[in-house]
Amino acid sequence: MQPREPSPAVGPEVADAARAQLASELRHRSRALSRSVQQAFAVVPRHLFVPEVGPAAAYRDEAFVIKCGQDGLPVSSSSQPAMMAIMLGQLGLRPGHRVLEIGTGSGYNAAVMAAVVGPAGEVVSVDIDPELVVRARSSLAAAGYADVTVICADGGFAVPGHGPFDRVIVTAGAWDIAPAWLDQIGAGGLLVLPLSVRGIQLSLALQRDDAGDWRSTSAWRCGFVRMLGAFAGPETVVRLPEPTVLVAQISDGRAVNPHALQAALAGQPSAKQDLPPLQGLAELADLDLWLAMTAVGLDRVTVLSAGSWFPLAPLLPAGFLVSHALEASGLGAAALLPDGLDEDPRHAGDPGHAGEPGHAGEPGHAGEPGRAGDRDSGRAARRPGPAIRGFGPDGPALVGHLAGLARRWVELGRPDAQGLELIVRPASQASAGAPPAGRLVLHRPSVSIELGWPA
């Protein structure tokens, strides 16, 4: 765990002013934020949960890594407040609710929820990391929220002996949906979680319908550190040794030849297809999601970091769709990237990472404040049209295929993440036949996930 350095000696008025400013920003950015959640952000002292960054910096609308693994990649962080606000809005939290949180982290999110549910409610939080549990308990007590129950356990099994809960929220990137989470939700309850779908994380709110299926009520792009424990996903991180320095995350455990990937990406693009202008980064992210959902024969890879040899280094992390993933002589990679790449690298990168609030689980996921949380702000700032860039021997064919899918997206009215529909069923009830027309079905150990846009 990273050491907790003492905060600089400053007066309480510094933290109070910074906290009030953050609450005001969140209130103006999200019209759907409830008054009780707004008030919680105004009273909970975040600087007590992230003392490493100091009492003023703690209230920046950013995610902060609080622990890294032996490989140097983050394993826990304090979420960006804008993303917290989105998820709490999805959760529909009210005074008196009983809430289960999977992934305690710093404890700040648990404190905010405790402030919302009040003394008549209850917050139970579980984390697999003993060090983080000790840290969170200490911070919660110092902030005045010692009544939050923090349990050290594998959150994939929920908390036997507790519940039922009105709400369950998962704050680590999930690949499967653990049956215990669904089992501990009472009648009319909600589950909110960041679910990995074809290598893209979506913050989903799920509610049980009359047939017993779980249906999404909202969806937002996000980026969280991946879950650990028994329900960890099969996503893998590959790293080539110095001086190559290529670090890539491969979705769904599909194998990719990292040396072939590096060779493809090391050169200039082998093909480029310009696309019509989009209204801000929100639509760029929506098109990226559409391509991932419809180009199902391709693998998705997120390049997290690379050496100076990488021509798109300012854009990292960047998501690529890959063909012929194991073929050293035929691999192709293509990415949807903003045009005008020299304008401001802060706005570039994987459309699902740059420009949206999120978690500091991987570099770049914190995003730029407000881009995904407020779609109107993205529409107000028109940017040059994007382009699909291909790399490697199969790059030109890949670009042509994806450009055709992009044209179809425009013809259908530019479907967005909020319009995506998901139906979750236990794996035992999954249909063995072909999915309905226009729908994609993902089979996970515990559930099947049917998703698509309305016809």
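The values are calculated or read from the model by the stated rules, or taken from the named source; none is laboratory data. Bear in mind that the values here come from a model prediction, so they are computed numbers and not experimental data. Cβ sites come from the backbone with ideal geometry, for glycine too, and all protein chains shown count toward neighbours. These area figures cover heavy atoms from the full protein model, side chains too; ligands, DNA and RNA do not enter into them. Shrake-Rupley method; radii C 1.70, N 1.55, O 1.52, S 1.80 Å.
Our estimate of slack between A187 and C68, defined as 0.36 nm per intervening residue step minus the Cα-Cα distance, is 39.0 nm.
By the Kirkwood approach, averaging reciprocal distances over each pair of separate Cα atoms, the chain gets a hydrodynamic radius of 22.4 Å. Evaluated over the Cα positions of the range 33-119, the convex hull gives a direction-averaged projected area, one quarter of its surface, of 5.9 nm². Taking 7 Å steps out from each Cα toward its Cβ at I151 and R239 produces label points 3.4 nm apart.
Counting only protein heavy atoms and a 1.4 Å probe, the chain has 39 square angstrom of accessible area per residue.
Could you tell me how many degrees, from 0 to 90 and to the nearest 10, lie between the Cα long axis of helix 281-294 and the main elongation axis, the longest principal axis, of the Cα atoms of the chain? Once rounded, the angle reads 70 degrees. Each DSSP beta bridge with both residues in the chain is either parallel or antiparallel, and the antiparallel ones are about 75%.
The listed residues R239, R98, R215, once ranked by accessible area (1.4 Å probe) with the largest placed first, stand as R239, R215, R98. Were the residues from A32 through S308 laid out at 0.36 nm apart, the gain over their Cα-Cα distance would be 95.1 nm.
The 1.4 Å probe gives accessible areas that order H97, H162, H401, H47, largest first, as H401, H162, H47, H97. The antiparallel fraction among DSSP beta bridges confined to the range 31-177 stands at about 25%. May I ask for the angle, rounded to the nearest 10°, between helix 395-411 and the longest principal axis of the chain, with both axes built from Cα atoms and the value confined to 0 to 90°? The angle comes out near 60 degrees. Model label points for L326 and S428, set 7 angstrom from Cα along the Cα-to-Cβ axis, are 3.4 nm apart.
For the chain, the longest principal axis of the alpha carbon atoms and the long axis of helix 130-143 meet at an angle near 50°. Averaging the sequence gap over all C-alpha pairs within less than 8 Å and six or more residues apart, then dividing by the number of residues, gives the chain a relative contact order of 14 percent.
In units of the compact-protein estimate 2.2 N^0.38 Å, the range 103-158 shows a Cα radius of gyration of 1.02. Expressed as a whole percent, the proportion of Cα-Cα pairs in the range 172-275 lying more than 20 Å apart is 55%. The charge dipole of the chain, taken about the Cα centre with unit charges on the Cβ atoms of Lys, Arg (+1) and Asp, Glu (-1), comes to about 580 debye, rounded to the nearest 20. Working from label points 7 Å from Cα in the Cα-to-Cβ sense, the T217 to A230 distance is 2.9 nm.
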